[in-house]
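**Q** Next up is a structure, given as structure tokens.
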Amino acid sequence: MSTKAKVASDPDAQRLRRYSRFVLDFALKALDRAELAPMLQRATECVSVGIDVQRVKILRCRAEEKDLLVVAGVGWKPGVVGHATLPLGMRSPPGRPVETREPVTIDDLPNDPEFDYSDLLRDHGIVSVVNVPIIVADAVWGVLEVDSTGSRAFDEDDSNFLCGFARIIGGLIENRRREEEAQALQRDLSLELREREVLFAELHHRIANQLHAITGALEIARRRTSDANAHAEFDKAIGRIAGIVATNRQLSVDRVAREISLGAYLGRLADGLGRPDNVQIVHTIADTTVPLRVAVRLGFIVNELVTNALKHAFGSAGGRVSITFGLVAGEGVLTVTDNGRGWQGPRPGSSGTGLVQSLIQQIGGRLEVESRSSGTAVAVYFPLQPPGGS
């Protein structure tokens, strides 16, 4: 007989092939099971047939109760699975592998002085057992136990088979746990998002009402004075508030989120900006997402730059203001360009200058101004993911 034929007929080789087949079969089928309990039950069935033992069980450690609960099994009397428990500790056959993290094989449990013979195993006439720990996330989750009613000398191959099965069970339990945690996190985030939307809508409503009230008060105050300089200052303040209202309105359109679509946001903001009839506002904005805190500040920057261009860049002939946004070398570049008379930006010391500079600093950006006889271009360069802050 050839060596190959001898290996093929060798009982140990056949047993190892059977073990490998059962492990692979279980692993493949378990991948399709969404629930943990059926998966564990299937594991005990595969082990029972694979190792040719009628009674198999999986026990889960319960830290608070300080015991092991039978959560799956085959060959046991009614009422055992889901209810019966065994103790922890070194004298307990399933308790010892929890302590040592090593397999425990007992050939003659009723007469072994190192272990206690529990009522559960006595009632089922168990003589020989093998217990292997199930490790999940580097902690002992529970125990896979094989129980024989007859005396059986489980060998190293049996132990290796069970350890391999336990490792697969542990990996699948960990995967299920991660899936459940991810689903729970998603539910929590969805709930938080809905709550934030409600709160944000209420906040937007209150802010809008307060801004309109302030605008009304300023208009009343403006009508009560005949001083031209005072009128100009009131108009400036009212215009500034109108810009804030426009920005606030656009933010209310988008759902509250950690990031916001900049193309849609700045596009709507640009379309809503007030302007004289003789001035055209156009925009070309590449769409990308940025943190909400960045979008808010860019909205105020656009409003401020466009407002100043409308005030200072044009004469009676009017002109055009262009708003563009794009990506250059990993940075966002927002540009406001006019074809007016070469306005140099907000006047030194004005509130507009301080506001724009402050907003740019908050998003970690920098400002570049180019003024020509044919107009002015103001560019804001900023990282798409600036460090912290709100």
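Read-outs: derived from the displayed coordinates by stated rules, not from any lab. Bear in mind the structure is a predicted one, so any value in this text is a computation, not a measurement. Every residue, glycine among them, receives a Cβ derived from its backbone with ideal geometry; neighbour counts consider all protein chains shown.
**Q** Ranking K236, K57 by Cβ neighbours within 10 Å, fewest first, what do you get?
**A** Ascending Cβ contact count within 10 Å gives the list K236, K57.
**Q** Amide H neighbours of G332 under 5 Å, counting only residues 5+ apart in sequence or on other chains, H built in-plane at 1.01 Å?
**A** Hits under the 5 Å cutoff: F382, L384.
**Q** Quick check: net charge around G364, other residues with Cβ under 13 Å of its Cβ, Lys/Arg +1 and Asp/Glu -1?
**A** That sum, taken over residues with Cβ under 13 Å, equals +2.
**Q** Could you derive backbone 3J(HN,Hα) for region 271-279 from the dihedral phi with the Karplus parameters 6.51, -1.76 and 1.60 (θ = phi - 60°), listing whole Hz in sequence and x where the residue is Gly or Pro?
**A** Residue by residue, region 271-279 yields 5, x, 6, x, 7, x, 5, 8, 10 Hz.
**Q** Still on this structure: With just the Cα atoms defining each centre, how far is region 100-119 from region 294-337? Give it in Å.
**A** A separation of 80 Å, based on Cα centres.
**Q** Would you please give the residues with an amide H less than 5 Å from that of R55, counting only those at least 5 places away or on a separate chain, with H modeled from the backbone geometry?
**A** The list, which skips near neighbours in sequence, is D147.
**Q** Would you pull out the residues with amide H under 5 Å of V279's amide H, same chain only if 5 or more places away, H placed 1.01 Å from N?
**A** Counting only residues 5 or more places away or on other chains, the set is G319.
**Q** Just rank H83, H312, H212, fewest to most, by other beta-carbon atoms within 10 angstrom.
**A** H83, H212, H312
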